[in-house]
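The values are calculated or read from the model by the stated rules, or taken from the named source; none is laboratory data. As the structure is a prediction and not an experimental result, all values here were calculated from the model. FYI the Cβ positions are ideal-geometry reconstructions off the backbone, even for glycines, and counts take in every protein chain you see.
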Amino acid sequence: MVDAALKRHGRLGKFLFVPMPKKEERIELFKLYLKGRPVSNGIDFEKISEIAGNCTASDIKTICDEAAKLAWVDSIDRGKKRGITMKDITASIGKERFNAREWYDMAKQHITRDDKDLYKDFIESAASYEKDWQGDVAMYR
């Protein structure tokens, strides 16, 4: 989301739509954000990418940070160092509130029928990530 002050006339010339990362991109994002951290064997990047299907890149970063925190706290509590596990990552996915739905809902309010060609990529992306959007998306076709 962009702060309203930045959207005032003359501040930004264009708005760009950056679609949600695809499965392969989510896998790479998880690998990127876990790189250099103590990670246990057995992380199934395919599976976590599927579970995190509606996550933005910033959501994935937050998930990885939270998983690292869970492993760190557990290490302190047990007095034994351990790496980030699949369980830490899936628990983090369950704890987080993701940004995409809120952003899509806000953006949807600003799209009119006249904008359908301009926002075609956005509308298609929304349809692929939000099953309950199908009726709304059909309205713009």
- Query: Which of the following residues is part of a helix (DSSP H, G or I) and modelled with pLDDT of 85 or more: Ala68, Ala107?
  - Reply: Ala68
- Note on the structure: The number of residues in the range 36-66 that are touching a Gly at 6+ places or on another chain (Cβ under 8 Å) and small (Gly, Ala, Ser) is 1
- Query: Pick from the range 26-49 the residues that are among the β-branched types (Val, Ile, Thr) and under 15 Å from Asp65 (Cβ atoms): which of them is surrounded by the most Cβ atoms within 10 Å (Cβ to Cβ)?
  - Reply: Ile48
